[in-house]
């Protein structure tokens, strides 16, 4: 996922802009200059709605981010041995993951014109690639 939305805001919390400034006051004034216009998409509030063929496509390949199938043993045989089988659907409210570390980072400009980025991330090389595209600097 790119650092900033490039063509479409897909989720609550998607990043659309960033401000760097020498003071909080300048940053607050810069934030006021950011203009964004949205074209609302229909709300997809369940996996079933997201899989519907008429659902808006959040990504070029569709709404399935990843598919995995696992099987261990003979499920049908195990069902035959059960005294009770409960099948039910449950709905839960939207939840945010409770990160152990904060979502933040520090960028240090280098004399060479490059930058050093300190951030909690799982995808350092992908972040480097995306930041180089966003900032217009070589990797």
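The values are calculated or read from the model by the stated rules, or taken from the named source; none is laboratory data. Just so you know, these numbers come straight off a predicted model, no measurement behind them. Counting neighbours? That spans all protein chains shown, and the Cβs are built from the backbone with ideal geometry, glycine included.
Is it the case, given these coordinates, that residue 52 is within 25 Å of the chain's Cα centre (by Cα), assigned by the TED database to the domain that holds residue 11 and at pLDDT below 85? Spelling it out, it is not the case that residue 52 is within 25 Å of the chain's Cα centre (by Cα), assigned by the TED database to the domain that holds residue 11 and at pLDDT below 85. Put simply, of 44, 64 the only residue that is in the same structural domain as residue 2 (by the TED database) and in contact with a helix residue (DSSP H, G or I) (Cβ under 7 Å, 6 or more places away or on another chain) is 44.
The residues in region 1-16 that are out of contact with any helix residue (DSSP H, G or I) (no Cβ under 8 Å at 6 or more places or on another chain) and under 15 Å from residue 60 (Cα atoms) can be counted, and the count is 7. Could you tell me which of the residues 114, 13 is out of contact with any strand residue (DSSP E or B) (no Cβ under 7 Å at 6 or more places or on another chain), closer than 22 Å to residue 133 by Cα and loosely packed, with under 10 Cβ neighbours inside 10 Å? After ruling out the rest, the residue left standing is 13.
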